[in-house]
Amino acid sequence: MNIIKKTYGPSLLGLAVIGTAFSMSAFTESNSSSARLAGEIYVNSSSGEYTHLSGAYDPNNCLENSTNTCAWQRTEKPGSVPSTFSASQADDLKAQGLIVEMDAKKGVYIP
């Protein structure tokens, strides 16, 4: 038994350290992907669906002609936000803390 410990002990310890490093790296990567998405903006389109805005948000582009929030912003909270979603789905995402209103404007956003 002592021969096994002397021969394989350092190797097993090394493997345990490497395994821990990989698992921590995967955990850090999953959290950083949420942080990378934080700040993304989703706007109310004329179809009634919220879609990702690729450019800068301009509050003057919100036609205040709807009861739905004009724009939502992604938070840093880990979780999944679909690329398009409805107003009722937006309420669920807000309740989960995944999105917040950009401002108090209601309506359709025209880029």
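The values are calculated or read from the model by the stated rules, or taken from the named source; none is laboratory data. What you see is a predicted model, and the numbers here were worked out from it, not measured in a lab. FYI the Cβ positions are ideal-geometry reconstructions off the backbone, even for glycines, and counts take in every protein chain you see. Just so you know, the surface numbers come from the protein's heavy atoms only, side chains and all, with ligands and any DNA or RNA stripped out. Shrake-Rupley method; radii C 1.70, N 1.55, O 1.52, S 1.80 Å.
Ordering K106, K94 by accessible surface, largest first, gives K94, K106; the 1.4 Å probe counts only protein heavy atoms, with every chain in place. Considering only alpha-carbon pairs that sit under 8 angstrom and 6 or more positions apart, the relative contact order computed for the stretch 60-111 is 63 percent.
Taking the average, over residues, of other Cβ atoms within 10 Å as the packing measure, peptides 41-47, 64-70 rank 41-47, 64-70 from highest down.
Taking 0.36 nm per intervening residue step and subtracting the Cα-Cα distance, what contour gain separates A56 from Q73 on full extension?
4.9 nm
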